[in-house]
1. Which numbered condition trips up Gly46, out of (1) modelled with pLDDT under 95; (2) more than 30 Å from Ser163 (Cβ to Cβ); (3) surrounded by 20 or more Cβ atoms within 10 Å (Cβ to Cβ)?
2. Looking at the range 152-186, which of the residues that are touching a helix residue (DSSP H, G or I) at 6+ places or on another chain (Cβ under 6 Å) and at pLDDT 95 or above is nearest to Gly92 (Cα to Cα)?
3. Looking at (1) touching a strand residue (DSSP E or B) at 6+ places or on another chain (Cβ under 7 Å); (2) on the phi > 0 side of the Ramachandran plot; (3) surrounded by 16 or more Cβ atoms within 10 Å (Cβ to Cβ), which one does Gly99 not meet, given that it meets all the others?
4. Of everything in the range 97-131 that's aliphatic (A, V, I, L, M) and in a loop (DSSP other than H, G, I, E, B), which residue is nearest to the chain's Cα centre (by Cα)?
5. Would a scan of the range 134-142 turn up a residue that is within 21 Å of Leu79 (Cα to Cα), modelled with pLDDT of 95 or more and assigned by TED's automatic domain parsing to the domain that holds Lys166?
6. Report the residue count in the range 138-174 for those that are farther than 22 Å from Gly46 by Cβ, in contact (Cβ under 8 Å) with a residue 40 or more places away in the chain and either loosely packed, with under 12 Cβ neighbours inside 10 Å or out of contact with any strand residue (DSSP E or B) (no Cβ under 9 Å at 6 or more places or on another chain) (or both).
7. Any residue in the range 73-93 that is assigned to a helix (DSSP H, G or I) and crowded, with 19+ Cβ neighbours inside 10 Å?
8. Of all residues in the range 132-156, count the ones that are in contact with an Asp or Glu (Cβ under 8 Å, 6 or more places away or on another chain) and in a helix (DSSP H, G or I).
Amino acid sequence: MMMSAYSPGACDNGEQSRVLEKILKKYKGSEGALIPVLQEAQEALGYLSEETLKKIAKATGRTLAQVYGVATFYAQFRLEPIGKHLVRICHGTACHVAGADDIDAAVCGHLGLPEEGGTTGDMEFTVEKVVCVGACSLAPIMIVDGVAHGRLNPDKARSVIKSYQKSENERSGGGARSGKRAQKKK
């Protein structure tokens, strides 16, 4: 499942409420559909806010505690918004031995985050540690927006993050050559 782009606030406006209503309508009367509803809501809205969970609970005939219990049991669900770029740093055995902690320190240090990760204040990056991404031969590895970057060292990891920052600046008009690069990427 692809991660959705950052959404400024799940169900905080009319459009987002309409999106959620469409998802709820799709699963209306379906027993056992809570997880697919939560997955689709998160995919569409970026994360599951308390308001979203309340609406899902009401529509599915469950208590808020039941819905919250499912949403907090599974690691795939987010109750806080994430940045536009999701950075997952692998901490499986191979990555740990190959220096995953150094990758954490480099990436989080570059972004001004604590080593345990988190989301930057500008909502551009969310960094999280994951148990294993299943690419041990590329250790240490991080996944940025679904793209694997392997055989990292701290300098390479910082360069990867800088390339995403540079791309973001070019898309927002932050350089004289940004238009030319954007056209080439199409």
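1. The one condition Gly46 does not meet is (2).
2. It comes out as Leu152.
3. All conditions pass for Gly99, except number (1).
4. Met123
5. There is no residue in the range 134-142 that is within 21 Å of Leu79 (Cα to Cα), modelled with pLDDT of 95 or more and assigned by TED's automatic domain parsing to the domain that holds Lys166.
6. Number of matching residues: 5.
7. no
8. 1
The values are calculated or read from the model by the stated rules, or taken from the named source; none is laboratory data. In this text, all values refer to a predicted model and were calculated from it rather than measured experimentally. When we count neighbours, we look across all protein chains shown, and the Cβ atoms used for this are built from the backbone with ideal geometry, even at glycine.
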